Amino acid sequence: MITWLNALTPWSWFYLALMLATCELVLGTNFFLLWLGLAASCVGTVLAFVPMSWEMQCVLFSVLDLASVGMWLWWSKQPQKHTQHPLHLNDREAQLVGKTFRLETAIVHGRGQIRLHDSNWQVTGPDLPQNALVEVVRLDGVVLVVKPSPN
């Protein structure tokens with residue numbers, strides 16, 4: 001084992017970094033293995049310019065690993081930038097709640113339609129004429145529940 005450790009080269013660390021990055025892609029560990037791989041590649045880079053014993057390499061790897069994971073944990077806990085819809089990034093329907101639209105077809109017997117970009121959406125609400133402004137209150141499955149807009 002010691003013979004193998006004495007034979008560590010920069011390429012050994014780069015291969016380890018590549019293996020850890022590949023495992024991250026396959027396993028999806030929320031970037032944990034990616035940071036280990038970054039620390040391994042840093043050790044390989046340092047070792048390419050500064051010869052050191054395998055013990056020092058392992059100490060350097062440990063220090064860089066703890067620092068990189070610690071920085072990742074600190075950064076991931078930082079408040080994210082606020083967007084218009086911070087909790088509904090990929091939920092298009094939820095983004096519509098509170099928005100105002102013009103009726104494409106009149107709401108008759110509680111049913112009508114609005115046009116949103118390239119698609120028509122079914123709406124339900126009080127009877128209103130065509131082109132009336134409505135505000136989306138909530139979603140009921142794929143049907144938008146609307147009320148007359150105060151605008």
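Selection within region 107-138: residues that are polar (S, T, N, Q) and part of a strand (DSSP E or B). The member of this set that is surrounded by the most Cβ atoms within 10 Å (Cβ to Cβ) is Gln113.
Only a single item in (1) without any contact (Cβ under 8 Å) to a residue 40 or more places away in the chain; (2) in contact with a Phe, Trp or Tyr (Cβ under 9 Å, 6 or more places away or on another chain) is not met by Trp13, and it is number (1).
Kindly indicate whether any position in region 139-149 is in contact with a helix residue (DSSP H, G or I) (Cβ under 9 Å, 6 or more places away or on another chain) and surrounded by 14 or more Cβ atoms within 10 Å (Cβ to Cβ). Full working, then the answer.
First pass over region 139-149, keeping only residues in contact with a helix residue (DSSP H, G or I) (Cβ under 9 Å, 6 or more places away or on another chain): 139, 142, 144.
Then drop every residue that is not surrounded by 14 or more Cβ atoms within 10 Å (Cβ to Cβ), which leaves 139, 144.
Yes; the residues of region 139-149 include at least one that is in contact with a helix residue (DSSP H, G or I) (Cβ under 9 Å, 6 or more places away or on another chain) and surrounded by 14 or more Cβ atoms within 10 Å (Cβ to Cβ).
Identify, from the list Leu73, Leu25, Leu34, Leu18, the residue that is assigned to a helix (DSSP H, G or I) and modelled with pLDDT of 95 or more. Can you show your working first?
On the way: Leu73 fails: modelled with pLDDT of 95 or more; Leu25 fails: modelled with pLDDT of 95 or more; Leu34 fails: modelled with pLDDT of 95 or more.
Only one candidate qualifies: Leu18.
Per the listing Glu93, Glu104, the residue uniquely surrounded by 12 or more Cβ atoms within 10 Å (Cβ to Cβ), outside any loop (DSSP other than H, G, I, E, B), at pLDDT below 85 and not small (Gly, Ala, Ser) is Glu93.
The values are calculated or read from the model by the stated rules, or taken from the named source; none is laboratory data. Bear in mind the structure is a predicted one, so any value in this text is a computation, not a measurement. Because the Cβ atoms are built from the backbone with ideal geometry, glycine has one as well, and the counts that use them run over all protein chains shown.
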